[in-house]
1. Among the residues of the stretch 233-241, is any surrounded by 16 or more Cβ atoms within 10 Å (Cβ to Cβ), in a helix (DSSP H, G or I) and modelled with pLDDT under 95?
2. Quick one: G69 ticks every box in (1) in contact with a Pro (Cβ under 8 Å, 6 or more places away or on another chain); (2) closer than 23 Å to I286 by Cα bar one, so which box is it?
3. Tell me which strands (runs of 3 or more DSSP E) are completely within the stretch 184-227 and hold 2 or more residues being within 18 Å of the chain's Cα centre (by Cα), or say none if there are none.
4. Tally the residues that are open to solvent by less than 30 Å² (accessible area, probe 1.4 Å) and more than 30 Å from D285 (Cβ to Cβ), restricting the search to the stretch 192-223.
5. Does F148 satisfy the criteria of being open to solvent by less than 20 Å² (accessible area, probe 1.4 Å) and touching a strand residue (DSSP E or B) at 6+ places or on another chain (Cβ under 7 Å)?
6. Considering only residues of the stretch 101-139 that are open to solvent by 10 Å² or more (accessible area, probe 1.4 Å) and touching an Asp or Glu at 6+ places or on another chain (Cβ under 7 Å), which is nearest to I161 (Cα to Cα)?
7. All but one of (1) more than 9 Å from the ligand (Cβ to nearest atom); (2) closer than 23 Å to A239 by Cα hold for A32; state the number of the condition that does not hold.
8. Scan the stretch 12-23 and tell me whether some residue there is open to solvent by 40 Å² or more (accessible area, probe 1.4 Å) and among the acidic types (D, E).
Amino acid sequence: MSLVIIGSVAFDTIETPYGRREKIVGGSATYAALAASFFTRPRLVSAVGRDFPRKILNLLRSRGIDLGGLKIKAGKTFHWQGVYDIDPNKRTTLKTEMNVLQDFKPILPESYRRAEIVFLSNLDPENHDFILSQMTGVRLVAMDTIRFWIETKPEAILKAIQKVDILFANDEECRLLADEINLIKAGRKLQSSGPKIIIVKKGEHGAMVFGKNFVFGVVAHPCEKVVDPTGAGDSFAGAFLGYLDSSTKFNQKEIRKAAVYGNLVASLVIEDFGITRLLEVTELDIIKRYSEFKKIVSF
Ligand code: AMP
């Protein structure tokens, strides 16, 4: 099995009630690949500018992430700027500078094309067909998106959703996409448009998995200090898919377990700014949090 992750590798400027960080490393593919790397050896596809630190690329490689699909292009790395409210589920995007991702056409290296799982994380939905046309043995297509794409390319997003098996969306995105206020109805409506599984991430409140014949709710691991919520969604998806890749089974039991791992890795990420926690924690920390969580939810 293998997992290909396509999305942004970025610089983020973030302001939360805990402080401000200027141009720290972020990006949907960065978070997702680091989170997946606890379970598998993900393959990343993206582009950065020459301003992106080599040190970080080496760090990603040292975590077992294949960077064969990462292009280093003349120009500046993608930059996103956002500010969070006291309620960490509320954020405002102040800037999205596409830079080298502007006209990026993701070409998959030969060794990536037989991968069985692909994660189309936060990227221009108009690229989805082009990516999928390069893949020869894909069994599971997963996608995530962000308000920016829902607002700028709504038709392309709705078309893309019809072709995926798993859709990750936060509650706001889910309501926007389905044009429905009630989250349960929104999840069901989106499911009827194509995806077999919809995963609605509810930030501080955990996540809901809408399967074909089941609904699974996973409460968030209690976190006293949400320092920076950036990347929680991408990390959830990365850990979820990384776990499925390592388990090789896509049945209900494994999907429930994958959602718990996604939830736990996301709860670690938000404890500090950017990718700091993803670089600090070990597999042992995840196992520890998993058994703590089991105690919390048992009754
Ligand atoms: P999340 O908090 O999981 O929704 O993801 C936040 C990450 O997505 C940040 O690290 C950003 O760099 C990245 N991001 C924000 N906007 C976009 C966009 N329009 N396209 C690609 N990546 C983005």
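1. Yes, the stretch 233-241 contains at least one residue that is surrounded by 16 or more Cβ atoms within 10 Å (Cβ to Cβ), in a helix (DSSP H, G or I) and modelled with pLDDT under 95.
2. With (1) in contact with a Pro (Cβ under 8 Å, 6 or more places away or on another chain); (2) closer than 23 Å to I286 by Cα applied to G69, the lone miss is (2).
3. Correct list: 197-201, 207-210.
4. Of the residues in the stretch 192-223, 1 are open to solvent by less than 30 Å² (accessible area, probe 1.4 Å) and more than 30 Å from D285 (Cβ to Cβ).
5. no
6. N122
7. The single condition A32 does not satisfy is (1).
8. yes
The values are calculated or read from the model by the stated rules, or taken from the named source; none is laboratory data. The structure presented is a predicted model; accordingly, all values stated were derived computationally and were not measured. Here the Cβ is made from the backbone with ideal geometry for all residues, glycine too, and neighbour counts use every protein chain on show. Please note that ligands, DNA and RNA were not included when accessible areas were found on the heavy atoms of the full protein model with its side chains. Shrake-Rupley method; radii C 1.70, N 1.55, O 1.52, S 1.80 Å.
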